[in-house]
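The values are calculated or read from the model by the stated rules, or taken from the named source; none is laboratory data. Computed from a predicted structure; not experimentally measured. Neighbour counts are summed over all protein chains in view; Cβ atoms, including those assigned to glycine, are modelled from backbone coordinates with ideal geometry. Surface areas here come from the heavy atoms of the whole protein model, side chains and all, with no ligands, DNA or RNA. Shrake-Rupley method; radii C 1.70, N 1.55, O 1.52, S 1.80 Å.
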Amino acid sequence: MSWQGYVDTNLVGTGKVTTAAIIGLKGGVWAASPGFNVSPEEQQAIIKGLDDPTPLQASGVYVNGKKYLTLQANPRSIYGKAAGDGVCIVRTSQAVLIGAYTSPLLPGDANKVVEGLADYLISVGY
């Protein structure tokens, strides 16, 4: 499956994630939902935040120009919230999955989808 296929089918296609992107750990967008733009600055902050979450915990995480309050950040994942909306960011061996959801979608459902795809990609070497 192509990277765009993972975004379209395994993330957004579940109905639990509104928009999504896959970026490389070295930067660069591998695939994204239409209109979902993760800027180079946002990519860099996310990748650095997975190694050292302190800045994200202090000032939040930005995705697609939107600021999310950081609820949790560790070397594997970052969870953010903005009013009823949220974002789940999960690192694999070579990439970072970003799934954003809007109300009335539920955080737990979105997180399960993004984390599940990350587990699969890790199991096949990505």
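Given the C-alpha centroids of the stretch 23-71 and the stretch 77-126, what is the distance between them in whole angstrom?
12
Strictly over 22 Å apart at the Cα level, which of 26/112; 16/48; 48/81 would you flag in this model?
In this structure, 26/112; 16/48 exceed 22 Å between Cα atoms.
Any chance you could list P(r) for the stretch 15-74, counting all Cα-Cα pairs in 10 angstrom bins from zero, rounded to whole %?
Per 10 Å bin, starting at 0, the Cα pair percentages come out as 22, 53, 24, 0.
How large, in percent, is the carbon and sulfur part of the accessible surface of the chain at a probe radius of 1.4 Å?
The nonpolar share, carbon plus sulfur, comes to 56 percent.
Just need log10 I(q)/I(0) for the stretch 1-111 at q = 0.10, 0.19, 0.22 Å⁻¹, Debye formula, equal scatterers on the alpha-carbon atoms, no solvent, rounded to two decimals.
-0.23, -0.90, -1.24
Pull up the cross-link candidates among the aspartates and glutamates for residue 66, meaning alpha carbon to alpha carbon under 14 Å and not fewer than 8 places away within one chain.
Of all the aspartates and glutamates, those that pass the test against residue 66 - Cα under 14 Å, at least 8 places apart if same chain - are 41, 42, 85.
If amide hydrogens are placed 1.01 Å from N in the peptide plane, which non-local residues have theirs closer than 5 Å to the one on residue 31?
22
Per DSSP H run of n ≥ 4, the term is -39500 (n - 2.57); total these for the chain, divide by its residue number, and report the mean residue ellipticity at 222 nm rounded to 500 deg cm²/dmol.
-8500 deg cm²/dmol
If you count only protein heavy atoms with a 1.4 Å probe, what accessible area per residue comes out for the chain, rounded to a whole Å²?
47
Would you mind working out the magnitude of the charge dipole of the chain relative to its Cα centre, with +1 at each Lys and Arg C-beta and -1 at each Asp and Glu C-beta, to the nearest 20 Debye?
Magnitude of the dipole: close to 80 debye.
Build a GNM of the chain with springs between Cα atoms under 10 Å: which of 82, 32, 110 gets the top mean-square fluctuation?
Greatest mean-square fluctuation among the candidates belongs to 82.
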